[in-house]
Every structure is written in structure tokens, then in C-alpha cells.
Amino acid sequence: IDTFTQKLIVTITEALYQGGMRCVVVRGMGAYAVGADLDQAWANAAMLEHSMKIVLLARQANLKI
């Protein structure tokens, strides 16, 4: 594994620990979700996508969140 990949893995792992081990968005690298199985990981990814949509709409409406 190259240095970039190692740093990416460390960054994602640290972010997941900070976020309660469900999902995380890494700037410039994408969104990552985990779960006990595929269904749970998929649900966590869907929750993240929904939350991001709410933030986007709130910003477009110039609301403080």
C-alpha cells in the first residue's frame, strides 16, 4: 500500500471514530458508511445522503443550521 492510501485509511478511520462509527464525508475523497452488514451500511449511507440534502437546502434558503 502506498503512502497516500495509508493516509486515506487513517483519515477515514479517525473520522468514523469521531462520528460514532456510522458514516463520514472526507473532503475531496467522498462519503463512506459502515455497518454490521450491507443493509445497515446502506441505511447509514442513505441517512448521510438525506442529512446532506437537508444541509444543502438550508444553505440555499440562507438558513442558519
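The values are calculated or read from the model by the stated rules, or taken from the named source; none is laboratory data. Owing to the predicted nature of the structure, the values given are computational and were not obtained by experimental measurement. Every residue, glycine among them, receives a Cβ derived from its backbone with ideal geometry; neighbour counts consider all protein chains shown. The area values use the complete protein model at the heavy-atom level, side chains included, leaving out ligands, DNA and RNA. Shrake-Rupley method; radii C 1.70, N 1.55, O 1.52, S 1.80 Å.
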Next item on the list: Could you work out how far helix 38-60 tilts from the main Cα principal axis of the chain, as a 0 to 90 degree angle to the nearest 10?
Entry: 40
Next item on the list: Report, to the nearest whole %, how much of the accessible area of the chain belongs to carbon and sulfur atoms, 1.4 Å probe, protein only.
Entry: 59
Next item on the list: Tell me what the chain gives for mean residue ellipticity at 222 nm when only DSSP H runs of n ≥ 4 count, each as -39,500 (n - 2.57), the sum divided by the residue total, rounded to 500 deg cm²/dmol.
Entry: -20500 deg cm²/dmol
Checklist line | Cα radius of gyration and Dmax for the chain (Å) | finding: 13.8, 44
Checklist line | Accessible surface of Thr5 - all protein chains present, 1.4 Å probe, nearest 10 Å² | finding: 50
Next item on the list: Filter the trypsin sites (Lys or Arg not before Pro) in the chain to those in DSSP coil with at most 11 other Cβ atoms within 10 Å of their Cβ, and list the result.
Entry: Arg27, Lys64
